[in-house]
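The values are calculated or read from the model by the stated rules, or taken from the named source; none is laboratory data. Just so it is clear, the model here is predicted, and its values are computed rather than measured. When we count neighbours, we look across all protein chains shown, and the Cβ atoms used for this are built from the backbone with ideal geometry, even at glycine. SASA here: full protein model, heavy atoms, side chains in, ligands and nucleic acids out. Shrake-Rupley method; radii C 1.70, N 1.55, O 1.52, S 1.80 Å.
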Amino acid sequence: MNTIAERLKHAEVRRSNLLLAISSGVLLGFAFPPSPFYSFAYLGLVPFLFLLVRLETVGSVLRYSYLSMGVFHLITLYWVGGFTHLRDPYLMISGGLLLVIHPMFYWLPILGGFVILRRWGEKAFLAAFPLLWVGFEFSHSLGEFSYPWLTLGNSQAYDTNRIQMVEFTSVYGLSMLILVFNVLSFVVIRNLTNRTWTPLARRSVTTISLLAVLYLLPLIYGVMRKESFAVSSGKTVKVGIVQPNIDPFEKWGEGFESKWESYARQLSILYEETRRLSADSLDVVFWPETAIPFYILLPQNAEFYNQLKHEVDLGGTPVFTGVPDGVYLDSAHATPTAKWIPQAGMFFEGYNAATLFKPYEGIGPVYHKVNLVPFAERVPYAETMTFLIEAVRWSVGLGSWGKGTERVVFSLPTRSADTVLFSGMICYELIFPGYVRQLVEEGAEFLVVVSNDSWWGNTSGARQLSATTVLRAVETRRWIVRCANGGISGIIDPSGRMVQETEMFESATVSGMVQAEQGKTFYVRHGDILGWGSLIGGLIAVAAALAVPGRRREGMQ
């Protein structure tokens, strides 16, 4: 009888644990764009905290946390493998591996919290948990394995009032706010359900009041800040955006007898739309990432380069575009990602790049993408993981890009005889707040992001990246121009408002005004104080818990 009762109780506990783990994953997943339920993030970790404080073994923590984070990933990142079109096997494999492996990264803050919980008790664990999580998020934006796409603060991009605080804290301040709110909510719910507190007890009222302050204060500040935010009366730049909506696989020649036939078609579309925009006396026109999908800057492609320069000169309008760039290297200087070219007898290093073509001028600075998508664009730490390089070359000609090492600030002369400075980012780089901050710190007066989000079809991916643009605009108080091959393109002002926006998978052109801003926010001036503080504080807390056993107390009162 006791055995049966014990089995039933064990099964009930297991069902309860599964429900808690899955509930957190679902709440967190549906907090992210394009879902409108961003407030789910403020309670998304409460079920998981209830689960974690009842688990007794490291193995159970690993299993249930993997389940919870796995559900979170499936909801937010289901699109990464291009499973909606099934056109590239490597894309599907790499996307599938991301969904399987990346949830394990969250074991780091969770196991750190579990160590503190078991050694020092629940109160210490709850105090340290926000530091551990935000410290992990910040550390996950460093190095070549970085993938900060799921930073919790990113879920709040649609809440344009509360996000105004990020000009001081960056997106990690939003994450910290969400984590603290989850912890306090857990404390309130746990103590009220356990009847340790009564609804009108002093501790209940104090904690609930604190929750109200945490939720309302950023809202009040944001409303006031947005209303008082005045666009500078400084230099104005009239910009144009070309969204050609070219099939991302056709870009590399798929479906054409010759890849050069595909390239010629794409250039003709870009030229035609740019001529139309140039008639409006614009200061600059933007084309998307790898809008020119071949190495037009190399001498052997001089015919295409001369045609491009003729179009730019004739229109009288500078063109900023994504374009592959490359250099030939001898064996002594070849990098692990360089390809051997038998015809040239040399190695060749290719870069995902962007540059500004000015009328009647030669080639200016060429920006080589610095933050590359792990495995999709480059094997992380390729110098030591050379055995993987050949295995991860996309069938469409991407993969194994060289890694850029320098940020570039472009100088743009305007028709009003002003000169403004801007920096360009390429797609994935937008999700790195610290990198974008550095561009502004080095003088960029407005920002541009060129991308090719069509790889993943009409899914959440492009919408999530577009939403993240809003956070970067508010952090830096810079206008940002988005130019995407198949959408979403548009203009975002420094308060995070989408001034103009295209739809996905439509051919479109956009023209509008941006301002060249020169002021610098607290975040731009001082950097990731919160990120570094959380990382260091979390590490110290775990190290101290391992070194100094504490007296564990049951419950948080």
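Summarise the accessible area of the stretch 195-305 (1.4 Å probe, protein heavy atoms) by the percent that is carbon and sulfur.
58
Can you classify the stretch 24-170 as rounded, prolate or oblate using the Cα gyration tensor, where a ≥ b ≥ c are the square roots of its eigenvalues, rounded means a/c under 1.5, and otherwise it's prolate if a/b beats b/c and oblate if not?
Because a/c hits 1.5 or more and a/b fails to exceed b/c, the stretch 24-170 counts as oblate.
Return a whole-number percent for the relative contact order of the chain, with Cα pairs under 8 Å and 6 or more residues apart as the contact set.
Rounded, it is 19 percent for the chain.
Defining a contact as two alpha carbons under 8 Å apart and six or more residues distant in sequence, what relative contact order in percent does the stretch 107-218 show?
The normalised contact order for the stretch 107-218 reaches 20 percent.
In the set (1) 157; (2) 168; (3) 253, which value of volume of the Cα convex hull per residue in Å³ was calculated from the structure you see?
Computed from the coordinates, volume of the Cα convex hull per residue in Å³ corresponds to (2).
For the stretch 31-103, what is the accessible area per residue in Å² when the probe is 1.4 Å?
Spelled out: the 1.4 Å probe surface of the stretch 31-103, per residue, equals 38 Å².
Rank-order 513-520, 475-482 by packing density, defined as the average count of other C-beta atoms within 10 Å over each peptide's residues, highest first.
475-482, 513-520
Run the dipole for the chain about the Cα centre, Lys and Arg Cβ at +1, Asp and Glu Cβ at -1, nothing else charged, and hand back the magnitude in debye, nearest 20.
2800
For the stretch 84-183, rounded, prolate or oblate, judged on the Cα gyration tensor with a ≥ b ≥ c (square roots of eigenvalues), a/c < 1.5 rounded, else prolate if a/b > b/c?
oblate
Rounded, prolate or oblate: which one fits the stretch 213-324, using the alpha carbon gyration tensor with axes a ≥ b ≥ c (rounded when a/c is under 1.5, else prolate when a/b beats b/c, else oblate)?
Prolate is the answer for the stretch 213-324, as a/c is 1.5 or above and a/b outweighs b/c.
Report, in deg cm²/dmol and to the nearest 500, the calculated mean residue ellipticity at 222 nm for the chain, where each DSSP H run with n ≥ 4 adds -39500 (n - 2.57) and the sum is divided by the residue count.
Rounded to the nearest 500, the figure is -14000 deg cm²/dmol.
Which number gives the lysine pairs in the chain that have C-alpha atoms under 15 Å apart and are eight or more places apart or on different chains?
Lysine pairs, 8 or more places apart or on different chains, close enough: 4.
Looking at the P(r) of the stretch 403-543, how many percent of alpha-carbon pairs lie beyond 19 Å?
It works out to 54 percent of all Cα pairs.
For the stretch 155-196, what size does the Cα cloud have along each of its three principal axes, sorted from largest down, in whole Å?
40, 17, 13
On average, how much accessible surface per residue is there in the stretch 400-480, in Å², for a 1.4 Å probe, leaving out ligands, DNA and RNA?
Accessible surface, normalised per residue, equals 23 Å².
Please compute the net charge surrounding Gly95, taking Lys and Arg as +1 and Asp and Glu as -1 over other residues with Cβ under 15 Å from its Cβ.
-2
Within the accessible area of the stretch 13-55, what % is carbon and sulfur when the probe is 1.4 Å and the other protein chains stay in place?
74
Hey, any idea what % of the stretch 56-172's accessible area is carbon plus sulfur with a 1.4 Å probe?
Of the solvent-accessible surface of the stretch 56-172, carbon and sulfur hold 74 percent.
Run the quick spin-label model on Glu503 and Asp280: label points 7 Å from Cα toward the beta carbon, then report their separation in nm to one decimal.
Here the answer is 1.9 nm between the modelled labels.
Please tell me the relative contact order of the stretch 65-112 in percent, rounded to the nearest whole number, where contacts are Cα pairs under 8 Å and at least six residues apart.
After rounding, I find 47 percent.
Could you tell me which of Leu67, Gly29, Phe83 has its Cα farthest along the dipole of the stretch 1-87 towards the positive end, charges placed at Cβ (Lys, Arg +1; Asp, Glu -1), taken about the Cα centre?
So the residue we want is Phe83.
Using the heavy atoms of the protein chains alone and a 1.4 angstrom probe, what is the accessible area of the stretch 241-299 per residue in square angstrom?
37
Kirkwood Rh over Cα pairs of the stretch 290-351 into Stokes-Einstein at 25 °C, 0.890 mPa s: D in µm²/s?
It diffuses with D of about 187 µm²/s by this estimate.
What is the distance, in nm, between label points placed 7 Å from the Cα along the Cα-to-Cβ direction at Asn301 and at Arg203?
Output for this residue pair reads 6.7 nm.
Compute for the stretch 280-385: radius of gyration divided by Kirkwood radius, i.e. Rg/Rh, restricted to C-alpha atoms, rounded to two decimals.
Looking at the stretch 280-385, the ratio lands at 1.03.
How large is the accessible surface of Asp247 in square angstrom, using a 1.4 angstrom probe and rounding to the nearest 10?
Estimated to the nearest 10 Å², Asp247 gives 40 Å².
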